[in-house]
Amino acid sequence: MKRFINTIKNIWSITDLRAKIIFTLSLVLVYRIGSYVVIPGINPSDLGSLQSQTQDGVLGLLNMFSGGAFSNASIFALGIMPYITASIVVQLLTMVVPYFMKMQREGESGRNKINQITRWLTVIVTVFQSFAYLANLRNQLQGAQIFNIFGGSTITFWNWVLPISILLTCGTLFVMWLGERITDRGIGNGISLLIMVGIIARLPFALFAEFASRMESQAGQLVILFVELIVWLVVIMFCILLVQGTRRIPVQYAKRIVGNKQYGGVRQYIPIKVNAAGVMPIIFAQAIMFIPVTIMGFSGSNNSGIASVLSNFDGFWYNLIFGLLVIIFTYFYTAVAINPKQMADDMKKNGGFVPGVKPGKKTEEFFDNILSKVTLPGSIFLALVAILPAIVRLFGINSQFAQFYGGTSLLILVGVVLDTLQQIESHLLMRHYDGLTKTGRIKGRGGNM
């Protein structure tokens, strides 16, 4: 306890770190206040059907990422997800389209161009999603009175749909701006931090719902609740290992003498992450799983066997297919994100080699083999984390609290917290203070500091 208090004092004594933390908390507070500002023309008391619709499924995931703004019909209802969608699309384009690959290699100017393209794509995605959100909102508010922005009760495209779509688009762009300001002047990655805050904002409600459901049952439920919390902490510890786990590959660099200076001649290590794909395989797998249900919903064949299987989120076949998709997408995303050929070529250009392995093609095959072996346990554990909420729901855990037992929510929480603590620890160590842990250093999603 004394060490913790001293660490807090050290953090507060560093002027620039204190300013960064205060600035970050201020913008996070603005984001949380905005998530409760309801769009014009909507009575908040009429949102019961929308809130029940966002209890689970893909809408529940969107509601969690937005911190409840989606179910509140807030001006930040779409949250940061359109920006995440645009970023994923642009990231994939930089891996397969030569024009984007060239921009990525241009350094800072290329990254600025890619960021600008991402922002414009975010606007396009947000506009389409805003129209879809308003269509679903009007469908959920059937029988409720909706007023247009000019004060009348007649709703048309021009007096409500178009202005509110513009408002929702501006709300998403403002949230994106908040995230970028946090990244530039605050602590941690702003976009990831806002997503994490939205997820954490739902945690107290989920805990209270689980506590209330246990209190309504028979005696001895407090002991069961205590066991649930212990299991939850164990799952968090395993997720930390999944985020931090790496295998280090020894690399030897040949000696080079340039002028009077000697370069190389030392052994270094290349860290290969157990889970290099992050949460992207789960997001892709969830999107794929919802496509057949959506198509069958539009075709009116919801009573078919396939639709009933794919819409049963707690069913065996749904979770089996979901887990297999997570494993497949983990290998796919890892193969796209890490190129063994490029690693081997870069090492050869810099005079490096893996001891006992010939440079060139043999080194590429060596890295590809190591990557496949390291990714296998990571992909299996990632699939287990993805289906863990469905498993714990079978034991009677409330669906809201079950979402925090795995999936994208828990991995994002663990990854962002570790990244933020890593930045705080780097400030402490640069000023010769003790770190946040007694032994070792905190590793974020990017590996060692």
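Whole-Hz ³J(HN,Hα) for each residue in the stretch 221-233, computed from phi via Karplus 6.51 cos²θ - 1.76 cosθ + 1.60 with θ = phi - 60°, x for glycine and proline: what do you get?
6, 5, 5, 5, 4, 5, 5, 4, 5, 4, 4, 4, 5
Answer with one residue from Gln116, Asn43, Tyr133: the one whose Cα lies farthest towards the positive end of the charge dipole of the stretch 20-154, charges on Cβ with Lys, Arg +1 and Asp, Glu -1.
Highest projection toward the positive end goes to Gln116.
Subtracting the Cα-Cα distance from 0.36 nm times the residue separation, let me have the gained length for Ile321 to Asn112 in nm, one decimal.
Working it through step by step, the gained length comes to 71.3 nm.
Beyond a 24 Å Cα-Cα separation, which of these cross-linked pairs lie in this structure: Lys20/Lys113; Lys102/Lys341; Lys102/Lys348; Lys273/Lys361? Please report the intermediate quantities before stating the final value.
Numbers: Lys20/Lys113 27 Å; Lys102/Lys341 18 Å; Lys102/Lys348 22 Å; Lys273/Lys361 22 Å.
The answer is Lys20/Lys113.
Give me the extension gain from Phe23 to Val97: residue separation times 0.36 nm, minus the current Cα-Cα distance, reported in nm with one decimal. Walk me through the numbers before you get to the answer.
Details: separation 74, 0.36 × 74 = 26.64 nm, distance 3.81 nm.
That pair, Phe23 and Val97, stretches by 22.8 nm at full extension.
At what distance in nm do the modelled label points of Arg181 and Ile240 sit from each other, each positioned 7 Å from its Cα along Cα→Cβ?
It is 3.3 nm.
In a Debye calculation with equal point scatterers on the alpha-carbon sites of the stretch 57-201 and no solvent, what is log10 I(q)/I(0) at q = 0.10 Å⁻¹?
Per q value, in the given order, log10 I(q)/I(0) is -0.41.
Quote the charge dipole size of the stretch 39-181 about the Cα centre in Debye, to the nearest 20; the model charges only the Cβ of Lys and Arg (+1) and of Asp and Glu (-1). Display every interim value, and only then the final one.
On the way: 7 positive and 5 negative charges, 81 e Å.
In total the dipole reaches around 380 debye.
Computed FRET efficiency, Cβ-Cβ of Thr15 and Asn312, R0 60 Å: what is it to the nearest 0.05? Write out the running numbers ahead of the final one.
Working: r = 55 Å, r/R0 = 0.92.
Calculated value: 0.60.
Please identify every one of the GluC sites (Glu not before Pro) in the stretch 103-192 that sits in a loop by DSSP and has no more than 12 other beta carbons within 10 Å of its own beta carbon.
Details: sites: Glu106, Glu108, Glu180; in loops: Glu106.
Here the sparse-neighbourhood loop sites are Glu106.
Between the stretch 84-159 and the stretch 326-369, what is the C-alpha centre distance in whole Å?
Between the Cα centres of the stretch 84-159 and the stretch 326-369 lies a distance of 36 Å.
How much length would be gained if the chain were fully extended between Ser426 and Asn350, taking 0.36 nm per residue of separation minus their Cα-Cα distance, in nm to one decimal? Write out the running numbers ahead of the final one.
Values: separation 76, 0.36 × 76 = 27.36 nm, distance 2.89 nm.
Taking Ser426 through Asn350 to full extension adds about 24.5 nm, to one decimal.
Quote the FRET efficiency, to the nearest 0.05, computed for Val336 versus Leu384 with a Förster distance R0 of 30 Å and r equal to the Cβ-Cβ distance.
Details: r = 23 Å, r/R0 = 0.76.
Once rounded, the FRET efficiency stands at 0.85.
Remind me, relative contact order of the stretch 62-114 in percent, using alpha carbon pairs under 8 angstrom and six or more residues apart? Show your work: numbers first, answer last.
On the way: 41 pairs, mean separation 9.8, N = 53.
In percent, rounded to a whole number, it is 18.
If you take the Cα atoms of the stretch 1-133, find Rg, then find the Kirkwood Rh from the mean of 1/r over all pairs, what is Rg/Rh? Display every interim value, and only then the final one.
Working: Rg = 20.0 Å, Rh = 18.0 Å.
Using Cα coordinates only, the ratio equals 1.11.
Read phi for every residue in the stretch 42-52 and hand back ³J(HN,Hα) as whole Hz from Karplus 6.51 cos²θ - 1.76 cosθ + 1.60, θ = phi - 60°, with x for Gly and Pro.
Residue by residue, the stretch 42-52 yields 10, 8, x, 6, 9, 9, x, 5, 5, 5, 6 Hz.
Quick query: amide H of Lys273 versus all other amide H atoms, modeled in the peptide plane; which residues come in under 5 Å with a sequence gap of 5 or more or a different chain?
Under 5 Å from the amide H of Lys273 lie the amide H atoms of Arg247, each far enough along the sequence or on another chain.
In angstroms, what radius of gyration and Dmax does the stretch 322-403 have, counting Cα atoms only?
18.5, 58
Just order 198-207, 38-47 by mean Cβ neighbour count inside 10 Å, highest at the front, would you?
Details: 198-207: 17.5, 38-47: 15.6.
In decreasing order of mean packing, 198-207, 38-47 become 198-207, 38-47.
In terms of modelled amide H atoms, which long-range or inter-chain residues lie less than 5 Å from the amide H of Val251?
Those qualifying (amide H under 5 Å, at least 5 residues apart or on another chain) are Gln268, Tyr269, Ile270.
Nearest 20 debye, what's the magnitude of the dipole of the stretch 315-406 about its Cα centre given +1 on Lys and Arg Cβ and -1 on Asp and Glu Cβ?
Value, rounded to 20: 160 debye.
No value in this document is a laboratory result; all are computed from the given coordinates. Here the structure is a predicted model, which means the values were calculated and not measured. Glycine also receives a Cβ, built like all others from the backbone with ideal geometry; neighbour counts cover every protein chain displayed.
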